[in-house]
Amino acid sequence: MAYLYLGSLLVASGCLCLIDARWRLFFWRAPARAAMVTVLAAWFLLIWDLAGIGLGIFLRGSSPWMTGIDLAPQLPLEEPVFLLFLVYIVAIIGFGTRRMLDALALRVPAESLSPGGDE
Amino acid sequence: MTYLTLCIAFLAVSLLIAAWALTRAGRLRSTADHIAAPGERRAERARLLRRWLPVAAVGFLSVAVLTAVFDSLLIVTDIIRYDSTLISGIRIGLAPIEDFSYPLAAAMLVPSLWSLLTPTASRVDRANTFPEQQQTGAGR
């Protein structure tokens, strides 16, 4: 069961990819830009995490559902994966909301909107 | 330093990045549309804020609900622990209230970075190609 947490994160990320591909919201719309946004935002959150670890706020638990692989003291392998997932889900929900609001305002089905044009 | 202070510091940086993105986008759009009066730039910034605030708000609120549920699970399953002397002790479910600043920061950063990384050329092209979507942008 050591892979339960990591596996759940990866399966959930896969589900986000399906929504992304179906509606061309983020990686399926501008792959390079989406990758840069994701990496930069997750990197910011990781620095935040490392600061918290440095201050002694966060401590790694001893759950049997983690791989036990640590990237740094108190920083399990799962944490950066979680941060990437967090950024991705915020992006999908946010850009999905944008698309739905645009479709509502134009009174057309969301499918008919070009993936561009929401800068 | 407590967890709350740490979160306020990182949220402040996120807010600065969002303000930078909004100012830059407002300036670029004004230039593309050949309007340069300061009042019109302010109006353009306000329009962009009206357009993007719902995106950030829905993104944050949805993920905050997920945070309350899944953060609690991470704590019950002993995936993460906190030093109880460094957190405020205010919790939603089992999740320390400070943890909700992560989705809040992400909701500010994602649209901001997206806008900052949008090439200027494609922004101008699009402004000319999809006038009907610009209309939507006006929030009417």
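The values are calculated or read from the model by the stated rules, or taken from the named source; none is laboratory data. Computed from a prediction, not measured in an experiment: that's the story for all the values here. Here the Cβ is made from the backbone with ideal geometry for all residues, glycine too, and neighbour counts use every protein chain on show. Keep in mind that these areas ignore ligands, DNA and RNA; they rest on the heavy atoms of the full protein, side chains included. Shrake-Rupley method; radii C 1.70, N 1.55, O 1.52, S 1.80 Å.
Mind checking whether some residue in segment B:28-51 is surrounded by 13 or more Cβ atoms within 10 Å (Cβ to Cβ) and under 15 Å from B:Ala105 (Cα atoms)?
Within segment B:28-51, not a single residue is surrounded by 13 or more Cβ atoms within 10 Å (Cβ to Cβ) and under 15 Å from B:Ala105 (Cα atoms).
Run A:Val87 past the list (1) crowded, with 19+ Cβ neighbours inside 10 Å; (2) within 9 Å of chain B (Cβ to nearest Cβ); (3) more than 13 Å from the chain's Cα centre (by Cα); (4) not basic (Lys, Arg) and report the number of the one that doesn't hold.
Going through the list (1) crowded, with 19+ Cβ neighbours inside 10 Å; (2) within 9 Å of chain B (Cβ to nearest Cβ); (3) more than 13 Å from the chain's Cα centre (by Cα); (4) not basic (Lys, Arg), A:Val87 breaks only (3).
If I filter segment A:39-47 for residues that are more than 18 Å from B:Val55 (Cβ to Cβ), in a loop (DSSP other than H, G, I, E, B) and either touching a Pro at 6+ places or on another chain (Cβ under 7 Å) or acidic (Asp, Glu) (or both), do I get at least one hit?
no
Name the single residue, out of those in segment A:101-117 being at pLDDT below 85 and more than 7 Å from every other protein chain (Cβ to nearest Cβ), that is surrounded by the fewest Cβ atoms within 10 Å (Cβ to Cβ).
Start the filter on segment A:101-117 by keeping residues that are at pLDDT below 85, which leaves A:107-117.
So of that shortlist, the ones also more than 7 Å from every other protein chain (Cβ to nearest Cβ) come out as A:107-113, A:115.
Details: A:Arg107: 6, A:Val108: 12, A:Pro109: 8, A:Ala110: 14, A:Glu111: 10, A:Ser112: 8, A:Leu113: 22, A:Pro115: 14.
Ranking the candidates gives A:Arg107 first.
Could you list, in sequence order, all residues of segment B:18-73 that are within 18 Å of A:Leu9 (Cα to Cα) and either in contact with a helix residue (DSSP H, G or I) (Cβ under 8 Å, 6 or more places away or on another chain) or among the small types (Gly, Ala, Ser) (or both)? Break it down stepwise before answering.
We begin by selecting, within segment B:18-73, every residue within 18 Å of A:Leu9 (Cα to Cα); these are B:62-73.
Within segment B:18-73, B:Ser62, B:Val63, B:Ala64, B:Leu66, B:Thr67, B:Ala68, B:Asp71, B:Ser72 meet the criteria.
Quickly run through segment A:31-62 and pick out the residues that are of a type in the set (Gly, Ala, Ser) and either away from chain B (no Cβ under 11 Å) or buried (at least 20 other Cβ atoms within 10 Å of the Cβ) (or both).
The answer is A:Ala34, A:Ala41, A:Ala42, A:Gly52.
Return a yes/no flag: does segment A:66-76 have any residue that is open to solvent by 50 Å² or more (accessible area, probe 1.4 Å) and of a type in the set (S, T, N, Q).
Checked segment A:66-76: at least one residue is open to solvent by 50 Å² or more (accessible area, probe 1.4 Å) and of a type in the set (S, T, N, Q).
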